[in-house]
Amino acid sequence: MIWYPYQQMKTMKTPYKITDAGGVYLYTEDQKLIDSVSSWWSVIHGYKHPVLTEAIKNQADRFSHVMLGGLTHEPAELLSEKLEAFLPGDLDYCFFSDSGSVAVEVALKMALQFYVNRGDWKRTKILSLTHAYHGDTFKTMEAGDDEDYHFILEAYGEKKYVIHIPTTIDALEDAFEKYHDELNCFIVEPLLQGAGGMRMYDVSFLQRARELCDQYDVLLIFDEVATGFGRTGNRFVADLVLPDILVLGKALTGGYIGHAVTVSNHKVYNGFYGDEAEKALMHGPTFMGNALACSVALKSIELFEKEDYMSKIHRIEEITRRELLDFTSDKVREVRIMGGCVCLEVYDSSSLKGYQQFAYERGVFSRPFLNYMYAMVPYIISEEELVKVIDTMKEWFART
(Lines give C-alpha, C1' and ligand atoms only; values in the text may rest on other atoms or scores of the structure.)
Protein backbone atom coordinates (compact mmCIF):
# COMPACT_ATOMS: atom_id res chain seq x y z
CA MET A 1 0.00 0.00 0.00
CA ILE A 2 1.27 3.48 -0.85
CA TRP A 3 1.92 5.78 2.12
CA TYR A 4 0.93 9.16 0.65
CA PRO A 5 2.57 12.49 1.53
CA TYR A 6 1.09 15.07 3.91
CA GLN A 7 -1.97 12.89 4.58
CA GLN A 8 -3.64 11.22 7.51
CA MET A 9 -4.02 7.86 5.85
CA LYS A 10 -7.08 6.87 7.86
CA THR A 11 -9.17 9.86 6.79
CA MET A 12 -7.73 10.82 3.38
CA LYS A 13 -9.99 10.84 0.37
CA THR A 14 -9.12 8.59 -2.54
CA PRO A 15 -6.55 10.32 -4.76
CA TYR A 16 -7.29 10.96 -8.43
CA LYS A 17 -5.69 8.21 -10.53
CA ILE A 18 -3.78 9.52 -13.53
CA THR A 19 -3.79 7.31 -16.62
CA ASP A 20 -1.98 9.65 -19.05
CA ALA A 21 -0.59 13.16 -19.38
CA GLY A 22 0.34 15.51 -22.20
CA GLY A 23 1.01 19.23 -22.50
CA VAL A 24 -0.64 20.98 -19.53
CA TYR A 25 -3.16 18.15 -19.09
CA LEU A 26 -3.52 15.23 -16.71
CA TYR A 27 -5.97 12.49 -17.67
CA THR A 28 -8.02 10.29 -15.38
CA GLU A 29 -10.48 7.65 -16.58
CA ASP A 30 -13.27 10.23 -16.67
CA GLN A 31 -11.67 13.69 -16.78
CA LYS A 32 -9.16 15.89 -18.57
CA LEU A 33 -7.47 18.29 -16.13
CA ILE A 34 -5.29 21.37 -16.55
CA ASP A 35 -2.50 20.87 -14.02
CA SER A 36 -2.50 24.27 -12.33
CA VAL A 37 0.31 23.37 -9.91
CA SER A 38 2.80 21.78 -12.36
CA SER A 39 3.30 18.69 -10.20
CA TRP A 40 4.61 20.67 -7.23
CA TRP A 41 5.92 23.48 -9.45
CA SER A 42 8.35 21.38 -11.49
CA VAL A 43 6.76 20.53 -14.86
CA ILE A 44 7.50 23.85 -16.56
CA HIS A 45 7.47 22.41 -20.12
CA GLY A 46 4.32 20.37 -19.60
CA TYR A 47 4.02 16.60 -19.84
CA LYS A 48 5.33 14.29 -22.55
CA HIS A 49 7.45 16.99 -24.20
CA PRO A 50 9.03 15.26 -27.22
CA VAL A 51 12.47 16.86 -26.77
CA LEU A 52 12.72 15.87 -23.12
CA THR A 53 11.32 12.39 -23.68
CA GLU A 54 13.83 11.80 -26.47
CA ALA A 55 16.71 12.90 -24.22
CA ILE A 56 15.72 10.31 -21.62
CA LYS A 57 15.37 7.57 -24.23
CA ASN A 58 18.68 8.33 -25.92
CA GLN A 59 20.59 8.28 -22.64
CA ALA A 60 18.84 5.10 -21.47
CA ASP A 61 20.07 3.39 -24.62
CA ARG A 62 23.63 4.11 -23.43
CA PHE A 63 23.36 3.78 -19.64
CA SER A 64 20.94 5.10 -17.03
CA HIS A 65 23.25 5.63 -14.08
CA VAL A 66 26.79 5.29 -12.82
CA MET A 67 28.09 6.58 -9.51
CA LEU A 68 30.24 9.72 -9.41
CA GLY A 69 32.58 8.18 -6.83
CA GLY A 70 35.73 7.50 -8.81
CA LEU A 71 33.83 7.71 -12.11
CA THR A 72 32.48 10.48 -14.31
CA HIS A 73 30.40 10.74 -17.47
CA GLU A 74 29.56 13.18 -20.22
CA PRO A 75 25.98 14.17 -19.17
CA ALA A 76 27.18 15.28 -15.71
CA GLU A 77 30.18 17.10 -17.20
CA LEU A 78 28.06 18.87 -19.81
CA LEU A 79 25.38 19.88 -17.30
CA SER A 80 28.02 21.27 -14.94
CA GLU A 81 29.57 23.26 -17.81
CA LYS A 82 26.15 24.50 -18.88
CA LEU A 83 25.21 25.67 -15.40
CA GLU A 84 28.55 27.42 -15.01
CA ALA A 85 27.79 29.43 -18.17
CA PHE A 86 24.06 29.83 -17.47
CA LEU A 87 24.21 31.03 -13.86
CA PRO A 88 25.28 34.54 -12.82
CA GLY A 89 28.56 35.65 -11.30
CA ASP A 90 31.05 33.09 -10.10
CA LEU A 91 28.52 30.40 -9.21
CA ASP A 92 30.66 27.78 -10.93
CA TYR A 93 30.96 24.65 -8.79
CA CYS A 94 28.15 22.08 -9.00
CA PHE A 95 27.50 19.44 -6.37
CA PHE A 96 24.68 17.20 -7.61
CA SER A 97 22.13 15.36 -5.50
CA ASP A 98 18.80 13.62 -5.94
CA SER A 99 16.29 16.04 -4.38
CA GLY A 100 15.86 19.67 -3.38
CA SER A 101 15.80 18.84 0.32
CA VAL A 102 19.09 16.95 0.11
CA ALA A 103 20.61 19.78 -1.94
CA VAL A 104 19.71 22.23 0.84
CA GLU A 105 21.23 19.85 3.40
CA VAL A 106 24.42 19.95 1.33
CA ALA A 107 24.36 23.76 1.28
CA LEU A 108 23.96 23.95 5.07
CA LYS A 109 26.72 21.40 5.56
CA MET A 110 28.98 23.38 3.20
CA ALA A 111 28.36 26.57 5.16
CA LEU A 112 29.19 24.99 8.52
CA GLN A 113 32.28 23.18 7.28
CA PHE A 114 33.52 26.26 5.42
CA TYR A 115 34.18 27.93 8.76
CA VAL A 116 35.34 24.75 10.54
CA ASN A 117 37.94 24.36 7.77
CA ARG A 118 39.18 27.83 8.71
CA GLY A 119 39.38 26.84 12.37
CA ASP A 120 36.34 28.90 13.34
CA TRP A 121 34.20 26.55 15.46
CA LYS A 122 31.94 29.30 16.88
CA ARG A 123 29.92 29.85 13.71
CA THR A 124 27.32 27.16 14.33
CA LYS A 125 24.13 29.18 13.86
CA ILE A 126 21.87 29.62 10.82
CA LEU A 127 19.79 32.72 10.14
CA SER A 128 16.52 31.92 8.40
CA LEU A 129 13.11 33.47 7.75
CA THR A 130 9.87 33.04 9.62
CA HIS A 131 7.49 30.85 7.57
CA ALA A 132 10.52 29.33 5.85
CA TYR A 133 10.30 25.95 4.15
CA HIS A 134 13.45 24.24 2.90
CA GLY A 135 12.43 20.58 2.83
CA ASP A 136 11.45 17.74 5.14
CA THR A 137 14.82 16.19 5.99
CA PHE A 138 16.00 16.96 9.52
CA LYS A 139 18.38 19.93 9.11
CA THR A 140 16.09 21.50 6.51
CA MET A 141 13.19 21.15 8.94
CA GLU A 142 15.29 22.90 11.58
CA ALA A 143 16.09 25.71 9.14
CA GLY A 144 12.40 25.86 8.27
CA ASP A 145 9.70 27.52 10.32
CA ASP A 146 6.35 25.93 9.58
CA GLU A 147 4.60 24.16 12.44
CA ASP A 148 2.16 22.49 10.05
CA TYR A 149 5.05 20.57 8.46
CA HIS A 150 7.74 20.47 11.12
CA PHE A 151 5.96 20.18 14.47
CA ILE A 152 7.73 16.87 15.10
CA LEU A 153 10.93 18.80 15.93
CA GLU A 154 9.23 20.06 19.10
CA ALA A 155 10.20 16.68 20.54
CA TYR A 156 13.80 17.96 20.62
CA GLY A 157 12.86 21.14 22.48
CA GLU A 158 13.96 24.65 21.62
CA LYS A 159 16.03 25.15 18.48
CA LYS A 160 19.62 25.93 19.45
CA TYR A 161 21.18 26.62 16.09
CA VAL A 162 18.60 28.57 14.05
CA ILE A 163 17.33 32.14 14.38
CA HIS A 164 14.18 33.08 12.48
CA ILE A 165 13.35 36.62 11.41
CA PRO A 166 10.56 38.28 9.39
CA THR A 167 11.31 39.89 6.02
CA THR A 168 11.87 43.39 7.40
CA ILE A 169 15.16 45.22 7.15
CA ASP A 170 14.98 46.26 10.82
CA ALA A 171 14.76 42.62 11.90
CA LEU A 172 17.56 41.70 9.51
CA GLU A 173 19.91 44.38 10.81
CA ASP A 174 19.02 43.49 14.39
CA ALA A 175 19.88 39.83 13.85
CA PHE A 176 23.27 40.59 12.33
CA GLU A 177 24.02 43.03 15.12
CA LYS A 178 23.32 40.36 17.77
CA TYR A 179 24.52 37.14 16.17
CA HIS A 180 26.97 37.97 13.36
CA ASP A 181 29.97 36.27 14.95
CA GLU A 182 27.96 33.06 15.51
CA LEU A 183 26.38 32.83 12.04
CA ASN A 184 27.72 30.62 9.29
CA CYS A 185 24.92 31.45 6.84
CA PHE A 186 21.69 33.24 6.08
CA ILE A 187 19.39 31.00 4.03
CA VAL A 188 16.31 32.31 2.22
CA GLU A 189 13.73 31.38 -0.36
CA PRO A 190 14.33 34.59 -2.31
CA LEU A 191 11.33 36.88 -3.04
CA LEU A 192 8.78 34.06 -2.85
CA GLN A 193 8.28 31.72 0.11
CA GLY A 194 6.45 28.70 -1.25
CA ALA A 195 5.06 26.11 1.17
CA GLY A 196 5.07 28.69 3.97
CA GLY A 197 2.16 30.43 2.24
CA MET A 198 3.27 31.89 -1.10
CA ARG A 199 4.54 34.94 0.78
CA MET A 200 6.19 37.61 -1.37
CA TYR A 201 8.65 40.31 -0.35
CA ASP A 202 10.82 43.02 -1.88
CA VAL A 203 14.27 42.63 -3.39
CA SER A 204 15.57 45.47 -1.17
CA PHE A 205 15.56 42.99 1.72
CA LEU A 206 17.90 40.69 -0.19
CA GLN A 207 20.13 43.57 -1.26
CA ARG A 208 20.59 44.57 2.38
CA ALA A 209 21.18 40.93 3.32
CA ARG A 210 24.00 40.75 0.77
CA GLU A 211 25.60 43.88 2.23
CA LEU A 212 25.41 42.54 5.79
CA CYS A 213 26.72 39.11 4.81
CA ASP A 214 29.70 40.82 3.17
CA GLN A 215 30.23 43.11 6.16
CA TYR A 216 30.18 40.29 8.72
CA ASP A 217 31.68 37.47 6.60
CA VAL A 218 28.50 35.32 6.59
CA LEU A 219 27.57 33.08 3.65
CA LEU A 220 24.34 33.90 1.80
CA ILE A 221 22.37 30.88 0.53
CA PHE A 222 19.49 31.14 -1.93
CA ASP A 223 17.16 28.17 -1.93
CA GLU A 224 15.78 28.53 -5.46
CA VAL A 225 14.42 25.00 -5.66
CA ALA A 226 10.95 26.52 -6.16
CA THR A 227 11.81 30.02 -7.41
CA GLY A 228 14.47 29.14 -9.99
CA PHE A 229 13.89 28.98 -13.72
CA GLY A 230 11.55 31.95 -13.89
CA ARG A 231 8.87 31.34 -11.28
CA THR A 232 9.29 34.82 -9.73
CA GLY A 233 9.42 36.55 -13.11
CA ASN A 234 13.24 36.50 -12.99
CA ARG A 235 15.37 33.71 -14.48
CA PHE A 236 16.81 33.35 -11.01
CA VAL A 237 16.58 35.79 -8.14
CA ALA A 238 20.36 35.25 -8.08
CA ASP A 239 20.43 37.41 -11.23
CA LEU A 240 19.35 40.34 -9.04
CA VAL A 241 21.35 39.61 -5.88
CA LEU A 242 24.26 37.16 -6.02
CA PRO A 243 24.42 34.54 -3.26
CA ASP A 244 27.45 32.51 -2.23
CA ILE A 245 25.55 29.22 -2.60
CA LEU A 246 22.56 28.56 -4.88
CA VAL A 247 20.29 25.52 -4.63
CA LEU A 248 18.25 24.34 -7.63
CA GLY A 249 15.82 21.46 -8.10
CA LYS A 250 12.23 20.89 -9.31
CA ALA A 251 12.28 22.61 -12.74
CA LEU A 252 15.97 21.73 -13.23
CA THR A 253 14.88 18.60 -15.11
CA GLY A 254 11.59 20.02 -16.34
CA GLY A 255 9.92 17.85 -13.70
CA TYR A 256 10.88 14.66 -15.53
CA ILE A 257 12.98 13.04 -12.84
CA GLY A 258 14.25 13.91 -9.38
CA HIS A 259 17.54 15.79 -9.40
CA ALA A 260 19.04 18.85 -7.73
CA VAL A 261 22.26 20.80 -7.52
CA THR A 262 24.03 22.90 -4.91
CA VAL A 263 26.18 25.48 -6.70
CA SER A 264 28.92 27.35 -4.85
CA ASN A 265 31.03 30.34 -5.73
CA HIS A 266 34.83 30.33 -5.80
CA LYS A 267 35.16 31.55 -2.22
CA VAL A 268 33.23 28.59 -0.83
CA TYR A 269 34.85 26.00 -3.11
CA ASN A 270 38.34 27.24 -2.26
CA GLY A 271 37.52 26.80 1.42
CA PHE A 272 37.52 23.04 0.82
CA TYR A 273 40.34 22.86 -1.72
CA GLY A 274 43.79 21.84 -0.48
CA ASP A 275 46.09 19.03 0.53
CA GLU A 276 44.33 18.12 3.77
CA ALA A 277 41.93 15.18 3.33
CA GLU A 278 39.85 16.29 6.32
CA LYS A 279 38.91 19.53 4.52
CA ALA A 280 37.09 17.64 1.75
CA LEU A 281 33.29 17.72 1.60
CA MET A 282 32.39 14.23 2.80
CA HIS A 283 29.04 13.85 1.11
CA GLY A 284 27.86 11.66 -1.75
CA PRO A 285 24.26 10.81 -2.62
CA THR A 286 24.09 7.53 -4.54
CA PHE A 287 22.19 9.03 -7.46
CA MET A 288 24.04 12.35 -7.68
CA GLY A 289 24.75 13.25 -11.28
CA ASN A 290 22.35 10.59 -12.53
CA ALA A 291 22.91 10.32 -16.30
CA LEU A 292 19.20 10.34 -17.21
CA ALA A 293 18.58 13.38 -15.01
CA CYS A 294 21.59 15.29 -16.33
CA SER A 295 20.63 14.55 -19.94
CA VAL A 296 17.07 15.78 -19.54
CA ALA A 297 18.20 18.81 -17.49
CA LEU A 298 20.47 19.90 -20.34
CA LYS A 299 17.58 19.74 -22.81
CA SER A 300 15.27 21.51 -20.35
CA ILE A 301 17.68 24.44 -20.08
CA GLU A 302 18.06 24.53 -23.88
CA LEU A 303 14.28 24.77 -24.28
CA PHE A 304 14.11 27.49 -21.65
CA GLU A 305 16.63 29.55 -23.61
CA LYS A 306 15.66 28.82 -27.22
CA GLU A 307 11.91 29.27 -26.75
CA ASP A 308 12.25 32.49 -24.72
CA TYR A 309 10.50 31.22 -21.64
CA MET A 310 10.94 34.51 -19.82
CA SER A 311 8.52 36.09 -22.32
CA LYS A 312 6.06 33.26 -21.65
CA ILE A 313 6.32 33.88 -17.90
CA HIS A 314 5.82 37.62 -18.26
CA ARG A 315 2.74 36.92 -20.37
CA ILE A 316 1.38 34.57 -17.70
CA GLU A 317 1.79 37.30 -15.09
CA GLU A 318 0.18 39.89 -17.37
CA ILE A 319 -2.88 37.71 -18.02
CA THR A 320 -3.19 36.77 -14.35
CA ARG A 321 -3.13 40.41 -13.25
CA ARG A 322 -5.70 41.33 -15.90
CA GLU A 323 -8.08 38.53 -14.93
CA LEU A 324 -7.89 39.33 -11.21
CA LEU A 325 -7.86 43.12 -11.51
CA ASP A 326 -11.43 43.66 -10.31
CA PHE A 327 -11.78 40.48 -8.28
CA THR A 328 -12.98 40.84 -4.69
CA SER A 329 -14.43 38.51 -2.10
CA ASP A 330 -15.15 38.99 1.58
CA LYS A 331 -13.52 35.58 2.13
CA VAL A 332 -10.19 36.59 0.57
CA ARG A 333 -7.62 38.37 2.71
CA GLU A 334 -5.16 39.11 -0.10
CA VAL A 335 -4.39 38.36 -3.74
CA ARG A 336 -0.66 37.97 -4.47
CA ILE A 337 0.85 37.68 -7.93
CA MET A 338 4.51 37.32 -8.89
CA GLY A 339 5.79 35.93 -12.19
CA GLY A 340 4.29 32.48 -12.67
CA CYS A 341 2.66 32.32 -9.24
CA VAL A 342 -0.73 33.54 -8.01
CA CYS A 343 -2.08 33.06 -4.51
CA LEU A 344 -5.46 33.87 -2.99
CA GLU A 345 -5.08 33.83 0.78
CA VAL A 346 -8.39 33.39 2.62
CA TYR A 347 -9.28 34.41 6.16
CA ASP A 348 -10.56 30.97 7.11
CA SER A 349 -9.28 27.70 5.68
CA SER A 350 -12.78 26.22 5.87
CA SER A 351 -13.78 28.45 2.94
CA LEU A 352 -11.51 26.30 0.71
CA LYS A 353 -13.03 23.01 1.79
CA GLY A 354 -14.36 21.21 -1.27
CA TYR A 355 -12.53 23.40 -3.79
CA GLN A 356 -10.31 20.61 -5.12
CA GLN A 357 -13.31 18.52 -6.17
CA PHE A 358 -15.09 21.64 -7.48
CA ALA A 359 -12.07 22.39 -9.69
CA TYR A 360 -11.79 18.73 -10.76
CA GLU A 361 -15.37 18.75 -12.04
CA ARG A 362 -14.51 21.82 -14.13
CA GLY A 363 -11.36 20.33 -15.64
CA VAL A 364 -8.68 21.81 -13.37
CA PHE A 365 -6.37 20.02 -10.95
CA SER A 366 -5.69 22.21 -7.93
CA ARG A 367 -4.26 21.50 -4.51
CA PRO A 368 -5.01 24.29 -2.05
CA PHE A 369 -3.39 24.00 1.38
CA LEU A 370 -4.15 25.66 4.70
CA ASN A 371 -5.42 29.19 3.85
CA TYR A 372 -3.96 29.29 0.35
CA MET A 373 -5.56 28.74 -3.04
CA TYR A 374 -2.82 29.13 -5.61
CA ALA A 375 -1.65 28.32 -9.11
CA MET A 376 1.83 27.75 -10.53
CA VAL A 377 1.05 26.68 -14.07
CA PRO A 378 3.34 25.10 -16.69
CA TYR A 379 4.92 27.85 -18.78
CA ILE A 380 3.55 26.42 -22.04
CA ILE A 381 -0.04 27.09 -20.97
CA SER A 382 -2.24 28.93 -23.48
CA GLU A 383 -4.14 32.09 -22.62
CA GLU A 384 -7.44 30.23 -22.86
CA GLU A 385 -6.22 27.51 -20.48
CA LEU A 386 -4.84 30.01 -17.99
CA VAL A 387 -8.07 32.01 -18.00
CA LYS A 388 -9.95 28.78 -17.29
CA VAL A 389 -7.78 28.15 -14.23
CA ILE A 390 -8.36 31.67 -12.90
CA ASP A 391 -12.09 31.64 -13.75
CA THR A 392 -12.45 28.43 -11.76
CA MET A 393 -10.86 30.11 -8.75
CA LYS A 394 -13.13 33.14 -9.07
CA GLU A 395 -16.23 31.01 -9.65
CA TRP A 396 -15.65 29.19 -6.36
CA PHE A 397 -15.83 32.41 -4.39
CA ALA A 398 -18.77 33.79 -6.39
CA ARG A 399 -20.70 30.62 -5.70
CA THR A 400 -19.93 30.26 -1.99
*In the range 69-86, is there at least one residue being hydroxyl-bearing (Ser, Thr, Tyr), free of Cβ contacts under 8 Å to residues at least 40 places away in the same chain, part of a strand (DSSP E or B) and over 25 Å from Asn184 (Cα atoms)?*
no
*Every residue from the range 282-308 that is among the aliphatic types (A, V, I, L, M) and either farther than 19 Å from Glu77 by Cβ or open to solvent by 80 Å² or more (accessible area, probe 1.4 Å) (or both)*: Met282, Leu303
*Could you list, in sequence order, all residues of the range 134-166 that are touching a His at 6+ places or on another chain (Cβ under 9 Å) and among the β-branched types (Val, Ile, Thr)?*
Thr140
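To keep it simple, each residue is scored yes or no on (1) in contact (Cβ under 8 Å) with a residue 24 or more places away in the chain; (2) in a helix (DSSP H, G or I).
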residue: Asp275; (1), (2): no, no
residue: Leu281; (1), (2): yes, no
residue: Pro285; (1), (2): yes, no
residue: Met288; (1), (2): yes, no
residue: Ala293; (1), (2): yes, yes
residue: Val296; (1), (2): yes, yes
residue: Leu303; (1), (2): yes, yes
residue: Lys312; (1), (2): yes, yes
residue: Ile316; (1), (2): yes, yes
*For Glu105, state whether it is in contact with a Ser or Thr (Cβ under 6 Å, 6 or more places away or on another chain), assigned to a helix (DSSP H, G or I), acidic (Asp, Glu) and open to solvent by 10 Å² or more (accessible area, probe 1.4 Å).*
yes
*Does at least one position in the range 59-79 carry a residue that is among the aromatic types (Phe, Trp, Tyr) and open to solvent by 60 Å² or more (accessible area, probe 1.4 Å)?*
yes
_Unique match (being over 20 Å from Ala132 (Cα atoms) and touching a strand residue (DSSP E or B) at 6+ places or on another chain (Cβ under 7 Å)) among Leu219, Leu252, Leu240_ = Leu252
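A quick yes/no check of all residues on (1) within 15 Å of Gly363 (Cβ to Cβ); (2) outside any loop (DSSP other than H, G, I, E, B); (3) open to solvent by 70 Å² or more (accessible area, probe 1.4 Å); (4) of a type in the set (Gly, Ala, Ser):
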site	(1), (2), (3), (4)
Trp3	no, no, yes, no
Gln7	no, no, yes, no
Lys10	no, no, yes, no
Lys13	no, no, yes, no
Lys17	no, no, yes, no
Leu26	yes, yes, no, no
Glu29	yes, no, yes, no
Leu33	yes, yes, no, no
*Mind listing just one residue for me: the one in the range 310-345 that is among the aliphatic types (A, V, I, L, M) and under 12 Å from Met198 (Cβ atoms) and, of those, most open to solvent (accessible area, probe 1.4 Å)?*
Val335
_If a residue must be more than 30 Å from Arg315 (Cα to Cα) and either among the charged types (D, E, K, R) or open to solvent by 10 Å² or more (accessible area, probe 1.4 Å) (or both), how many such residues does the range 211-233 contain?_
5
*Taking into account only those residues within the range 354-375 that are aliphatic (A, V, I, L, M) and farther than 17 Å from Ala21 by Cα, which is most open to solvent (accessible area, probe 1.4 Å)?*
Leu370
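The values are calculated or read from the model by the stated rules, or taken from the named source; none is laboratory data. For clarity, every value in this text was computed on a predicted model and none was experimentally measured. A quick note on method: Cβ atoms are made from the backbone with ideal geometry, for glycine too, and the neighbour counts reach across all protein chains shown. Surface areas here come from the heavy atoms of the whole protein model, side chains and all, with no ligands, DNA or RNA. Shrake-Rupley method; radii C 1.70, N 1.55, O 1.52, S 1.80 Å.
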